[in-house]
Structures are given as structure tokens and as C-alpha cells.
1. Can you tell me the length gained on complete extension of the stretch Glu27 to Ile66, counting 0.36 nm per residue apart and subtracting the Cα distance?
2. Using a 10 Å cut-off around each Cβ, can you sort Thr30, Thr81, Thr38 from fewest to most neighbouring Cβ atoms?
3. How many nm separate the modelled label positions at Lys83 and Ala50, each set 7 Å beyond the Cα in the direction of the Cβ?
4. For Leu60, what residues show an amide H to amide H distance below 5 Å, using hydrogens built from the backbone and excluding near sequence neighbours?
5. Here is the link list: Lys64/Lys88; Lys43/Lys70; Lys113/Lys149; Lys37/Lys70. Which ones come out longer than 21 Å on Cα distance?
Amino acid sequence: MVDILEIIRLVVQSQKSTRDGLKHLDEDLTYNQLFRKTSPDRKEKAENIAIVKVQPVSRLDERKGILKEKTLKFWARSQTTRKLYEGKVRYHLNSLGRWNGYITCGCSCPDYKFRWETANHRQNASQILFSNGEAPIMTNPRELPSLCKHLAAAKPFVLKHAPK
Ligand SMILES: [Zn+2]
């Protein structure tokens, strides 16, 4: 016998994934897309950044038994200036609790705060955590998305802690 609830669940799920799919094509960015859009000099400077601590946090949907939320907090220190900044990546999960490659990120450094936070926010890739949310008229007038050197330096950890 066909389980009507199962059919409803499948229909709802397929509608959800279609909606998500369209939204992602139009707006969202994956970590890898953001990394590719990051300037070569930032990636070069990222080699001088030490990730000194990472803090992954997972939250389960108890009822469904799947991952509901996963974030990775990290602290990044410049080996030359010794300045320490705090970064954050939230993995976007699909209805099965798996990472679909998209992220929301943030970093407390001035480069991220004044250049990238609002621009990334427009593509659903950043929360307004560290800036005042105003458009970066002087620093990034075309509002191009990017990572800062700290978020670029965290790449191995972002990928390592990604929900499978
Ligand atoms: Zn940064």
C-alpha cells in the first residue's frame, strides 16, 4: 500500500530542493566560488596566517535524527603582525542535513568588515556581524564578493569540518 504521508513528504522535499536550486543559481556562493573570487595577493598573504584554534559546533534535529546546523569558528593570527582575528563559517545544509557547498561567513578583520561583509551579504554568503551593514562605496564600489586572507587561510579546516 502506498503511504500517503510518504508521498507528501517527497513532494514537499522536491519543491524545497527546486526552490533552493533556483535561489542558489541566482544568489548564493559556495566556499570554493568565494575562494576563486579572492585576489591572488590575499591568497598569498593567507600563507602567512596561522589558524590557532578551531571550534566546530553541530546541532542535531532530534526528531529527524539529522544535522540541523553546523558552524566552524576559528581564530587566525598573522605571523608578522601577531594580530588575532575571529572568523566564522556556517555551512548551508540540504534537507538531509548534508552540506551543499554554500556557506555564510564572517571575519572580524578590517578587510572583511569594510570591504566584503555587505557585498557577500547580498549574495547570502555573509551575516552582518562586524560591520554596520552599509554599502562599501569607497572600498568595494562594485560590491564584488570575496574572502579575506583569514577565511582563505582557513580553507583546509573549512573542508575538513564540512558535514559529509
Ligand atoms: Zn579576515
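Each value in this text was obtained by applying a stated rule to the coordinates, not by laboratory testing. Note that this is a predicted model, so its numbers are computed, not measured. Don't worry about glycine lacking a Cβ; one is built from the backbone with ideal geometry, like all the others, and counts go over all protein chains shown.
1. Details: separation 39, 0.36 × 39 = 14.04 nm, distance 2.59 nm.
Between Glu27 and Ile66, full extension yields 11.5 nm more.
2. Numbers: Thr30 16, Thr81 8, Thr38 20.
The order, fewest Cβ neighbours first, is Thr81, Thr30, Thr38.
3. 1.8 nm
4. The list, which skips near neighbours in sequence, is Lys68.
5. Values: Lys64/Lys88 26 Å; Lys43/Lys70 25 Å; Lys113/Lys149 12 Å; Lys37/Lys70 24 Å.
Long pairs (Cα-Cα over 21 Å): Lys64/Lys88; Lys43/Lys70; Lys37/Lys70.
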